[in-house]
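Student: Can you read through this structure? Questions will come right after.
The numbers here are math on the coordinates, done by the rules we state, and not lab data. All figures in this text were calculated on a predicted structure; none of them were measured in a lab. So basically every Cβ, Gly included, is an ideal-geometry build from the backbone, and we count neighbours across all protein chains shown.
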Amino acid sequence: MHKRTIVQAAVLGALLCASGLGLAQDAFKIGLILPMTGPFASTGKQIEAAARLYMAQNGSTVAGKKVELIVKDDTGTPDVTKRIAQELVVNDKVSVLAGFGLTPLALATAPIATQSKTPLVVMAAATSSITQASPYIVRTSFTLPQAAVAIADWAPKNGIKKVVTLVTDYGPGLDAEKFFKERLQFNGGQVSESLRVPLRNPDFAPFLQKVRDAKPDAVFAFVPSGAGAALMKQFAERGLDKAGIKLIGTGDVTDDDILNSMGDAAVGVVTSHHYSTAHNSAVNKKFVEAFTKANNNLRPNFMAVGGYDGMRVIYEALKKTKGAGGGDALLAAMKGQIFESPRGPMFIDAQTRDVVHNIYIRKVEKQDGQLYNLEFDTIKDVKDPGKVR
Ligand code: DHB
């Protein structure tokens with residue numbers, strides 16, 4: 001070989017090494033894609049705040065690597081989430097994709113995770129089937145079937161036999177509707193009507209009028225985080241409470257983030273969920289205190305906890321692999337993690353890559369002038385019923 005060619009090759013090699021391995025090796029990049037604007041911005045705000053809190057508490061150097069969080073706004077639009085994920089993988093060379101504020105955003109991005117062998121940590125979206133969309137998906141949020149089955153067990157034991165369901169018309173709502181209905185029927189109850197409201201710009205009034213006319217014992221509701229206040233307002237304005245119709249649902253409806261703004265109409269509402277700001281444990285008290293302090297008194301909701309625990313899963317996977325082995329090794333180290341979350345005990349099932357945790361039955365009550373979801377019953381270690389069948 002010509003001498004000049006050898007030198008050129010050596011220089012080129014060194015450059016490749018510096019860019020591809022040497023320098024990049026010092027940083028471990030996490031691409032956090034969230035709706036930071038638009039109707040689901042509260043989900044993005046909660047998760048970003050929780051991720052930053054986790055990093056502030058646990059340091060930004062792990063296994064000798066600098067952890068870099070790259071936060072991107074997808075505005076809640078699936079095409080945008082997918083394009084951002086592609087850019088983060090190809091240009092920024094992120095080791096992990098995380099966030100995913102809504103089901104369609106996670107589903108749109110699943111093929112990118114599979115093709116690039118990049119672990120994708122779902123911190124918010126909660127349709128059961130999401131983890132089946134790619135073998136690289138790990139979930140730290142929850143699933144709607146987990147929550148819906150629990151309240152369908154509670155309701156008939158508490159005088160609620162005839163129910164109308166009212167859900168947002170997309171993945172998690174359809175999961176909530178199906179699993180609630182099947183379980184209530186199994187328990188001897190009956191869903192007399194199933195109503196679905198659009199995801200974008202929902203007007204609950206005409207649907208709640210239908211509920212009123214149907215005169216059920218209760219309406220079971222699912223709406224995504226942020227939409228519960230409008231539902232509660234319409235519920236009271238239409239006089240459903242005065243007509244003796246109870247409101248029950250998954251905890252998305254009495255979201256801690258906006259619960260105080262719902263006022264007295266929310267008092268007494270019973271829901272099922274995996275997290276309440278009022279969860280009584282030392283780990284949660286510490287989490288809530290640190291979160292509210294760092295975020296101008298913002299209350300952490302279940303989205304925040306999904307983000308906080310997602311960062312924990314990523315950090316521990318990095319510690320275990322010391323950053324070697326790429327996406328497959330990281331994924332393997334995420335599977336089977338077991339730890340105490342602010343929500344209570346939590347486990348990432350190695351087979352399904354989905355979260356196993358307690359589901360709590362809670363009632364909205366006023367304490368010291370503030371509204372809280374107070375947990376009064378616990379169903380332990382609930383696996384996603386969407387997968388065990
Ligand atoms: C989803 C979004 C939410 O805001 C929520 O509370 C539950 C599920 C979702 O899109 O999967």
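Student: Lysines within cross-link reach of K65: Cα-Cα under 19 Å, excluding same-chain residues under 8 positions apart?
Tutor: Straight-distance partners of K65: K29, K93, K319, K320, K322.
Student: In terms of the Cα gyration tensor, with a ≥ b ≥ c the square roots of its eigenvalues, is segment 136-200 rounded because a/c is under 1.5, prolate because a/b exceeds b/c, or oblate? If you can, show how the numbers build up before the last one.
Tutor: Values: a/c = 2.79, a/b = 1.42, b/c = 1.97.
Taking the square roots of the gyration eigenvalues as a ≥ b ≥ c, segment 136-200 is oblate.
Student: Listed highest first by mean packing, meaning other Cβ atoms within 10 Å per residue, what order do 201-210, 253-262 come in?
Tutor: Numbers: 201-210: 15.6, 253-262: 22.8.
Put in order of decreasing packing, that is 253-262, 201-210.
Student: For the chain, give the magnitude of the charge dipole about the Cα centre (Cβ charges: +1 Lys/Arg, -1 Asp/Glu; no others), in debye to the nearest 20.
Tutor: Details: 46 positive and 37 negative charges, 148 e Å.
So the dipole magnitude of the chain works out to roughly 720 debye.
Student: If packing is taken as the mean number of other Cβ atoms within 10 Å per residue, what is the order of 186-196, 113-123, highest first? List each step's numbers first, then the result.
Tutor: Working: 186-196: 15.1, 113-123: 23.4.
In decreasing order of mean packing, 186-196, 113-123 become 113-123, 186-196.
Student: Please name whichever of L174, L199, S134 sits farthest to the positive end of the charge dipole of segment 58-216, dipole taken about the Cα centre and charges placed at Cβ: Lys and Arg +1, Asp and Glu -1.
Tutor: So the residue furthest toward the plus end is L174.
Student: Using a Förster distance of 41 Å, how high is the FRET efficiency between A56 and N201, based on the Cβ-Cβ distance and rounded to 0.05? Show your work: numbers first, answer last.
Tutor: Working: r = 37 Å, r/R0 = 0.89.
For A56 and N201, the calculated efficiency is 0.65.
Student: Which whole number of Å³ per residue matches the convex hull of the alpha-carbon atoms in the chain?
Tutor: Values: hull volume 51.8 nm³, N = 389.
Taking the convex hull of the Cα positions in the chain, it is 133 Å³ per residue.
Student: May I pose another question? Which residues does a label at N187 reach in segment 218-254, if reach means a backbone N under 19 Å from a point 7 Å past the Cα toward the Cβ?
Tutor: Residues 218-223, 245-254 qualify, since their backbone N sits under 19 Å from the label point.
Student: Relative to the Cα centre, what is the charge dipole magnitude of segment 208-341, using +1 at the beta carbon of each Lys and Arg, -1 at the beta carbon of each Asp and Glu, and rounding to the nearest 20 debye? Walk me through the numbers before you get to the answer.
Tutor: Details: 16 positive and 14 negative charges, 32 e Å.
For this selection, approximately 160 debye.
Student: On full extension of the chain, what length is gained from D169 through N91, given 0.36 nm per residue of separation minus the C-alpha to C-alpha distance? Working shown, then result.
Tutor: On the way: separation 78, 0.36 × 78 = 28.08 nm, distance 3.56 nm.
Residue separation times 0.36 nm, minus the Cα-Cα distance, leaves 24.5 nm.
Student: Follow-up question, since we're still on this one. So which lysines can K233 reach, going by Cα to Cα under 22 Å and dropping same-chain residues fewer than 8 places off?
Tutor: Of all the lysines, those that pass the test against K233 - Cα under 22 Å, at least 8 places apart if same chain - are K210, K215, K242, K246, K363, K366.
Student: Can you give me the orientation-averaged projected area of the convex hull built on the Cα atoms of segment 48-131, in nm²?
Tutor: Numbers: hull surface 23.1 nm².
If I average the Cα hull's projected area over directions, I get 5.8 nm².
Student: Residues of segment 348-389 with the amide nitrogen closer than 17 Å to a label point 7 Å from the Cα of N297, along Cα-to-Cβ, please.
Tutor: 367-372
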